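Scroll down for the structure; my scribbles are underneath it.
Values quoted throughout were computed directly from the atomic coordinates according to the rules given, and no laboratory measurement underlies them. If you're wondering where the values come from, they're calculated on a predicted model, not measured in any experiment. With ideal geometry, Cβ positions are generated from the backbone for all residues, glycine too; neighbour counts draw on all protein chains shown.
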Amino acid sequence: MRRRRVRGADQKLLSYKDYIVNGMVDQVLEKHVIESSNSESGTYKRPKSNSLRRNIDTSSIGREDLSRDYLNPFDNRYFIKDQIYNNLADKHRGRWKEIFGNDRPIHVEVGTGRGKFITSMAQANKDINYIAIEIKEEVLVKAVEKADKLNLDNIVFLWGSVELFDLYFADGELDRVYINFCDPWPKKRYAKRRLTHSNFLELYRKKLKQGQIHFKTDNRDLFEFSLNEISANDWMLKNISLDLANSDYQGNITTEYEERFLTLGMPIYRLEALDRR
């Protein structure tokens, strides 16, 4: 079932030009690309169902407009080389320190939601730069409003999908990845969609410079799955907590979801993972 979008949320989000980077690149499955040998024009028409963005142009474009440089590793879609793609590839990937204007470490949160965690981190740690990734524009706009109200200058919000990490970031460009209360995808057939699956772990590893992953969840099954995946993929685990609120860990910054779970008396599971390679 498709989620219901909030009318005008995307325009409102993009109006925050000092904070927002548009990462919603159109993609198309390879099977929908018509080979020139099989078509007089050698073009294809973009199906709406295969695009991240809505209200896309349905006009035909040619194979020269497709990029194989940074394929989505999870479903083999091509990127469409439009203005958004070119802006990311030419002006952001590998240039985030230039964008921030300093050489401070870069920490990324995937699935930032309404932004309580990441804006609190940015406010508390002025010597670190933060990038918040979120695909839901109606949610992300709430996070941007928090940063704008606090007048934060060490945070950028990337409207996009974690699956496009390879397009967004150059190898070794990041220092830490935060994953907080992601969708557990409980059915076994959807295991590859979990953000701690080995496919995602390898993606993070490429982009981290001897960095770390910090992970929190309320879901015990997901936590056990994550422990196994992380251990099996040559990461070193530390600071593992099965009940964060009653642990010795200091300095925890909560998310909106986390506060709700704590109010209900639910345990929060947390771990840190360091790349051994």
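Under the simplified labelling scheme, the Ile99-Met266 pair shows an inter-label distance of 3.2 nm, with each label point 7 Å from Cα along Cα→Cβ.
Note on Ser231 and Glu259: the extension gain reaches 7.2 nm, defined as 0.36 nm multiplied by sequence separation minus the Cα-Cα distance. For Lys12 and Lys206, a Förster radius of 30 Å and the Cβ-Cβ distance give a FRET efficiency of 0.35, rounded to the nearest 0.05. Pairs with C-alpha atoms separated by more than 28 Å, drawn from the list Lys187/Lys216; Lys17/Lys192; Lys136/Lys238; Lys17/Lys187, are Lys17/Lys192; Lys136/Lys238; Lys17/Lys187. Summing +1 for each Lys or Arg and -1 for each Asp or Glu among the other residues whose beta-carbon sits under 11 angstrom from that of Val144 gives +1.
Among Lys91/Lys188; Lys81/Lys142; Lys12/Lys91, which pairs are too far apart, with a Cα-Cα distance over 32 Å? Intermediate values should be presented prior to the final figure.
On the way: Lys91/Lys188 39 Å; Lys81/Lys142 29 Å; Lys12/Lys91 23 Å.
Going by Cα-Cα distance, Lys91/Lys188 fall outside the 32 Å limit.
Taken over the Cα atoms of the stretch 186-250, the convex hull encloses 91 Å³ per residue. Report, to the nearest 10°, how far helix 220-232 tilts away from the longest principal axis of the Cα atoms in the chain, using its own Cα long axis and a range of 0 to 90°. The two axes meet at around 80 degrees.
The alpha carbons of the chain give a radius of gyration and a Dmax of 19.4, 68 Å, in that order. Using the Cβ-Cβ distance between Leu29 and Gln250 with R0 set to 35 Å, the FRET efficiency from 1/(1 + (r/R0)^6) comes to roughly 0.15.
Summarising the amide proton neighbourhood of Arg77: residues at separation of 5 or more, or on other chains, whose placed amide H is nearer than 5 Å comprise Asn72.
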